[in-house]
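Below is one structure, written out as structure tokens, with a few remarks after it.
The values are calculated or read from the model by the stated rules, or taken from the named source; none is laboratory data. Note that the structure is predicted; figures quoted are calculated from it, not measured. Glycine gets a Cβ as well: all are built from the backbone with ideal geometry, and neighbour counts include every protein chain shown. When the accessible area is computed, the model is the full protein with side chains, heavy atoms only, and any ligands, DNA or RNA have been set aside. Shrake-Rupley method; radii C 1.70, N 1.55, O 1.52, S 1.80 Å.
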Amino acid sequence: MERYDPQAIEARWQAVWADERAFETPNPTDPANDERPRAYVLEMLPYPSGDLHMGHVTNYTMGDVVSHFRRRTGFQVLHPMGYDSFGLPAENAAIKSGGKPAEVTAHNIARIREQMLRMGWSIDWSRELSTSDPAYYRWTQWIFLQMFERGLAYKRTAAVKWCPQDQTVLANEQVVDGCCERCGAEVEARDLDQWFFRITDYADRLLDDMDQLENWPERVLTMQRNWIGRSHGAEVVFRVVDSEAEIPVFTTRPDTLFGATFFVLAPEHPLISELVQGTAAEAEVMDYVRRRSAESVADRMRDDRPKTGVDTGRRVVNPVTLEEIPVWVSDYVLVEYGTGAIMAVPGHDDRDHAFATLFGLPIRQVVAAADGEVDVQVEAYTSAGEDALLVNSGQFDGLAVSEAKSAVAAWLAEEGRGETKTAYRLRDWLVSRQRYWGAPIPIIDCPSCGLVPVPDADLPVVLPEIEDYAPKGRSPLAAAEEWRSVPCPTCGAAALRETDTMDTFVDSSWYYLRYISAHDDTQVFDKAAVDWWLPVGQYIGGVEHAILHLLYSRFFTKVLFDAGFVGFEEPFANLFTQGMIYKDGAKMSKSKGNVVAPDAIVNRYGADALRMYVLFMGPPDQDKEWSDNGVLGPSRFLDRLWKAVQRIASEVPGEALPAAPSGAEGAALDLLRLTHQTTKRVTEDIDRRLQFNTAIAASMELLNGIEKARDELIGDPVGGQVLRHAAGTLVCLVQPFAPHIAEELWEQLGGSRLWESPWPVVDPTLLVSDTFTCVAQVNGKVRERIELPRGLPQDEVVRLVRELPKIAEHIAGREVVKEIVIPDKLVNIVVK
RNA sequence: GCGGAUGUGGCGGAAUUGGUAGACGCGCACGGUUCAGGUCCGUGUGGCCGUAAGGUCGUGGAGGUUCAAGUCCUCUCAUCCGCACCA
């Protein structure tokens, strides 16, 4: 008997699949009339650093299991792969090594592809794409221009986050705790002229359409909801005393307007210098403003910062009390939210209260709990609730908070002092970057025509070859004088190209559409085919993309829908986020030196064992701890599977998967039942629950059952066929997880092309036996078990249970109060 | 502070509908085979008491509902993650 040699059989089957183009699925020729069931199974595309890591292995193996399963249950399966290949690491590596980013990237893609092939994933390689390929980014640029034409891409000067290490601006989403998400450097605030996508126009739809995303993890939906941060409230306009100026504020609590006893501007508020010019407070205020702006973003985001501020000496009029209240400047007000100014209600807001207490400003209660008393000594009254009542609020006294919100807003509108308004935390998406290795923004800046789009016929705007990629605070492309100088497409005058490149998240916001038409150079994608395949049936990836990539992709899809390019508004119908793999309690990382390289495991145990282990480790959506010994479990399982199936294949003649023989009894019948119970469990675990760990455990149980019964059954005509039936079924069930060994064993059993053979069918009559283990309880405690025929009358079951010596002993001399019978399951006798 | 999750043997975890807690695997112990390979096969493996039969406790903690609770309810503790001076 041959030994199980994973290296040999894995290489063999990978070659077969490649030769036969086994996993290529063409688009339908007539999508409009094609009713075949289809499944678009997609995993988030990798950034091609040289090495595949365990996260990739888990991610792509999960997708592969689903793909195989769908394929074998009658679906057209689209399972593509590509590379998110623009970005800083390749550029930084090129700067370091003196090579070119394109070469570094090509080399890394070749390496990661080779490792992917070794994992044996059933990928449609005919659709492979890289986002840094001009044939791809041509269409990224085209989409940018679609945005531009619709006013959704625009350029403006704004306070933006600048990473001094990477020498580029960052999107809000890429700043974590005041630091650059990529390199960890503290970011700075700078005023720069930058390109934005108007994602805020879609804030409501991005929020409201989440109702359609039923099969998304709750935590991802919550994170997106928080990130968009919609609040309903009102804008209230305050008039400045002795001035023409009026300053609007946003508040979610217009009902507390009577309690607004002071007013605060963010240090960056544009009106400050005008307000304090020539006043006694000017020097002090401007000094405060300067000091705040010199502070780093990280400092400003620190927890438990003490409040600071300065009085401008100016006053505004509270529109409802007509009181003049002081205007302060403080950095606890954020310039980028609402209007950059607030009405402070220290009686009912913790932050305002802290500020008022620190600077001795008046605190007034204007809301009281329905049954509470007015007590101005109370520290803060913020938790009063929606049914609390207004006090000290003139004509609004006695109204409940919920009523007062709209009543005050209506009054303000009547008086022309405000209106209802909605504010969002979401900012527009800053997409320009001052780096080389990205898609050039296809815009030409003409002195007379302004910003002019590059004509479609001139796309792509190909990245020029340059000598020096090092970042210098402006795009390295600015140095490519010849490339940069072009005639204006509109007037023909000498003009200059935009030299910034696009954020790589732009590239990955639409790649799932391009797979449909990966090689079409006449259009971005074929709409009919896209509408046939999408939305993606199952999307799988890391939770770290919960807001960035997943929000941007939803935005892109909605823009393309509005423009008529796609027929759906949400790209990903079902989302699954996998847990992360830890080692020694920490995330695997080179700096910690706790990385386990998939390649090393494949060399030692084979790809099949690694594939099984990453899924067997635990529930796929939870974080898992890597254990070097853990891989032995699946590895031994495959070795035992190999021996068991080989022996059956050689000693019992028959088909690869013969029908379940009739006339089986005893151990043969037990194994037959176990086989069908296992088929049911594995099928449901993959199809309905995505619980791969329990599917694998069930397969192991079936193998244990086969081994246990083998010696008894192997010589028997019926028993032998039961063994063959069980072995063939097990090979089928294991195939999505360990496709190489499954294919090899299938062949030894006499079958061929398992990857396209039908999934085993459950015979429902073989799921239940004619007896059951009746659990006998006394007062809820298990005292005995007894094997009884199914469907026995209840009083008969009770009689038999009460006759059991142990049960009789426990009820002897006590009064039986109640007898609970759960048919075909248990009996509980309650005694006193 | 707001929001989301998670707590079960020495370890990873199972228990899908309130009905046998600990499936499956790792590790460990003992025995065997082969003999120096991270081998294979068998048996056992939650704690405590007991030679055993058996008993008893047991799913972070405290209450509760129920004939019956890892599962439902109330309170509470711990850990992890996301957002956070968002008015």
Please give the helix A:794-803 orientation as an angle from the longest Cα principal axis of chain A, in degrees from 0 to 90, rounded to the nearest 10.
70 degrees
Measuring from centroid to centroid over Cα atoms, what is the spacing of the range A:395-419 and the range A:498-515 in Å?
46 Å
Give me Rg over Rh for the range A:21-69, both radii from the alpha carbons and Rh done the Kirkwood way, two decimal places.
1.09
The local net charge around residue A:410, scoring Lys/Arg +1 and Asp/Glu -1 for residues other than residue A:410 whose Cβ lies under 14 Å from its Cβ, equals -3
Check: C-alpha center the range A:747-810 vs C-alpha center the range A:184-244, spacing in Å is 57 Å
Gyration tensor (alpha-carbon) shape descriptor, the range A:635-710, a/c threshold 1.5
oblate
For the range A:156-311, what is the convex hull (Cα atoms) projected area averaged across all directions, in square nanometres?
12.9 nm²
Alpha-carbon radius of gyration plus Dmax, which is the widest Cα pair, for the range A:296-338 in Å
13.7, 39
Given 20 °C, 1.002 mPa s and a Kirkwood radius over Cα pairs, the Stokes-Einstein diffusion coefficient of chain A in µm²/s is 67 µm²/s
The size of the Cβ-based charge dipole (Lys, Arg +1; Asp, Glu -1) of the range A:292-345 about the Cα centre, to the nearest 20 debye, is 80 debye
Could you work out the relative contact order of the range A:546-695, using alpha carbon pairs under 8 angstrom and six or more residues apart, expressed as a whole percent?
19 percent
For chain A, with +1 on Lys and Arg beta carbons and -1 on Asp and Glu, the positive-most of A:316, A:169, A:470 along the dipole:
A:470
Which of rounded, prolate, oblate describes the range A:236-304, given a ≥ b ≥ c as roots of the alpha-carbon gyration tensor eigenvalues and a/c under 1.5 marking rounded, otherwise prolate only if a/b is larger than b/c?
oblate
Ignoring everything but the protein chains, give the 1.4 Å probe accessible area of residue A:662 in square angstrom, nearest 10.
100 Å²
Where the accessible area of chain A is counted over protein heavy atoms with a 1.4 Å probe, how much of it, in %, is carbon and sulfur?
49 percent
Send over the semi-axes of the range A:462-597's equivalent ellipsoid, whole angstrom and largest first, taken as the square roots of 5 times the C-alpha gyration tensor eigenvalues.
34, 28, 12
Candidate lysines - alpha carbon under 19 Å from residue A:558, same-chain residues fewer than 8 apart omitted
A:527
For the range A:431-540, what is the largest minus smallest coordinate of the Cα atoms on each principal axis, given in angstrom and ordered from greatest to least?
47, 34, 21
Going by the alpha-carbon gyration tensor, a ≥ b ≥ c the square roots of its eigenvalues, is the range A:552-680 rounded (a/c under 1.5) or, if a/c is not under 1.5, prolate (a/b greater than b/c) versus oblate?
oblate
Taking K and R as +1 and D and E as -1, what net charge do the other residues with C-beta under 12 Å from the C-beta of residue A:601 add up to?
0
Where only alpha carbons of the range A:101-193 are counted, the Rg and the Dmax (Å)
18.3, 50
Hey, with R₀ at 56 Å, roughly what FRET efficiency would residue A:111 and residue A:708 work out to, going by the Cβ-Cβ distance, to 0.05?
0.80
At 0.36 nm per residue, minus the direct Cα-Cα distance, what do residue A:425 and residue A:158 gain on full extension? Give it in nm, one decimal, please.
94.5 nm
Rank A:454, A:392, A:184 by how far each Cα sits towards the positive end of the charge dipole of chain A (+1 on Lys, Arg Cβ; -1 on Asp, Glu Cβ) and give me just the farthest.
A:184
Mind checking which of A:279, A:513, A:28 is farthest towards the positive end of chain A's charge dipole, using Cβ charges of +1 (Lys, Arg) and -1 (Asp, Glu) about the Cα centre?
A:28
Could you pull the Rg and Dmax for the range A:32-157, using just the Cα atoms, both in Å?
17.9, 55
With all protein chains modelled, accessible area of residue A:100 [1.4 Å, Å²]
70 Å²
How far, in degrees from 0 to 90, does helix A:134-149 lean away from the longest principal axis of the Cα atoms of chain A, to the nearest 10?
40 degrees
Estimated inter-spin distance, residue A:621 and residue A:790, nm [label 7 Å along Cα→Cβ]:
3.2 nm
Of all DSSP beta bridges in chain A, what percent run antiparallel (nearest 5)?
75 percent
Which three lengths, in whole Å and largest first, does the range A:713-823 cover when its Cα atoms are put on their principal axes?
67, 31, 21
Can you give the charge dipole size of chain A about its Cα centre, rounded to the nearest 20 debye, using +1 on the beta carbon of Lys and Arg and -1 on the beta carbon of Asp and Glu?
1920 debye
Two pseudo-spin positions, 7 Å from Cα along C-beta at residue A:651 and at residue A:636, lie apart in nanometres by 2.2 nm
Which angle from 0 to 90°, rounded to the nearest 10, does the C-alpha axis of helix A:548-562 make with the longest principal axis of chain A?
80 degrees
Dipole magnitude of the range A:778-817 about its Cα centre (Cβ charges: Lys, Arg +1; Asp, Glu -1), debye to nearest 20:
160 debye
Cross-link partners of residue A:832 among aspartates and glutamates (Cα-Cα below 16 Å; sequence separation of 8 or more within a chain)
A:809, A:815, A:819
Mind checking which lysines have their C-alpha under 26 Å from residue A:100, skipping anything on the same chain fewer than 8 residues away?
A:472, A:590
Pairwise FRET efficiency - residue A:209 versus residue A:311, Cβ, R0 = 45 Å, nearest 0.05
0.45
For A:665, A:128, A:744, what's the largest-to-smallest order of accessible area, 1.4 Å probe?
A:665, A:128, A:744
Expected 222 nm ellipticity per residue - DSSP helices of 4 or more, -39500 (n - 2.57), all of chain A, to 500
-11000 deg cm²/dmol
Full-extension gain in nm, residue A:820 to residue A:294, via 0.36 nm per residue minus C-alpha separation
181.8 nm
Please list, by residue number, everything in the range A:597-633 whose backbone N is under 20 Å from a paramagnetic label point 7 Å out along Cα→Cβ of residue A:222.
A:619-624
